[in-house]
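Working notes, structure below.
Nothing in this text is a laboratory measurement; each read-out follows from the coordinates by a stated rule. Since the model is a prediction, treat every value here as computed from it, not as a measurement. We place every Cβ from the backbone using ideal geometry, glycine too, and count neighbours over all the protein chains shown.
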Amino acid sequence: MREEGKYGSEPFVGVSCLVMKGDRFLLVKRANVSKPGYWKAPGGYMQFGEMPEQTAIREVKEETGLTIVNPTFRCITDDVFEDERKQFITIWMEAQYNGGEPKVNAPDEESEVRWFTWDSLPSPLYLPFQHLIEGKTWPSQTTTGDKIGSAINVSDIPVSGSQDIGT
C-alpha cells in the first residue's frame, strides 16, 4: 500500500519517449484522463520487471501504432502536479521512428497524434514535456556535445574505498 506524503502517495515512475523522424518528433493529445487537451510525448507507467527501453517500445506501440528502434536514455524529470497532489518521476527516452502510420491507438487516453518540429510546438503542453523543453531535467541538458547522455560524465566522480572485487 502506498503511504501518504506531502503530495499524497509515493511518486509514480513512468517513461516518455521522443520518437524522432528526421527533424520532427511525435506528440499525442490527452483525452479522457487527467489534463485532457494537453500535448505530451507517448509514454506511460513502467510495468513490474520492465526496463525503460521496453516501456518506451510498448507504450509507443500501444498509443500510436508505431514501431521504434534504438530507445536511448535522455534524462529524468520530476513532475509534481500540485492540484492533483501527485508526483511522477519521468524517465525520458529518445528513439528513432521505424515504421507504421501514426494513429490514435488508445482513444480512451488520447484524441490526436501528430508530428511536430521544435519551432512549431502545440499548446498547452503536459507538465513533463514542459519540464523537458525548459531544461528542468536531471542530468542537465545544457552541456555541449551530443545531447543524449552528454551531461553524464562519470570520469570525474571520485570513488572512495574502491577495491578490486575480482581478487
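Taking every alpha-carbon pair in region 28-73 and binning the separations at 5 Å intervals from zero gives 5, 21, 27, 24, 15, 9, 0 percent.
As a rough footprinting exposure proxy, the listed residues Ile76, Ile68 were ranked by other beta carbons within 10 Å of their own, and the order from fewest upward is Ile76, Ile68.
Rounded to whole numbers, the Karplus 3J(HN,Hα) couplings from phi for region 68-75 are 10, 10, 6, x, 10, 4, 10, 5 Hz, using 6.51 cos²θ - 1.76 cosθ + 1.60 with θ = phi - 60°, and x at Gly and Pro.
Please state the relative contact order of region 1-142 as a whole percent: Cα pairs under 8 Å, 6+ residues apart? Don't skip to the end; give the middle numbers.
Details: 308 pairs, mean separation 44.1, N = 142.
Rounded, it is 31 percent for region 1-142.
Decide, for region 12-142, between rounded, prolate and oblate: order the square roots of the alpha carbon gyration tensor eigenvalues as a ≥ b ≥ c, take rounded if a/c falls under 1.5, and otherwise choose prolate if a/b is larger than b/c, else oblate. Judged from the Cα gyration tensor, region 12-142 comes out rounded (a/c under 1.5). Of the residues Thr67, Thr117, Thr90, the one with the fewest other Cβ atoms within 10 Å heads the list, and the complete ranking is Thr117, Thr67, Thr90. Of the three principal axes defined by the Cα atoms of region 1-82, the extents in descending order read 43, 31, 21 Å.
Subtract the Cα-Cα distance of Asp119 and Val13 from 0.36 nm times their separation in residues, and report this length gain in nm to one decimal. Walk me through the numbers on the way to the answer.
Values: separation 106, 0.36 × 106 = 38.16 nm, distance 2.91 nm.
Using 0.36 nm per residue and subtracting the Cα-Cα distance, I get 35.3 nm.
Listing Phe116, Phe25 from fewest to most neighbouring C-beta atoms within 10 Å gives Phe116, Phe25.
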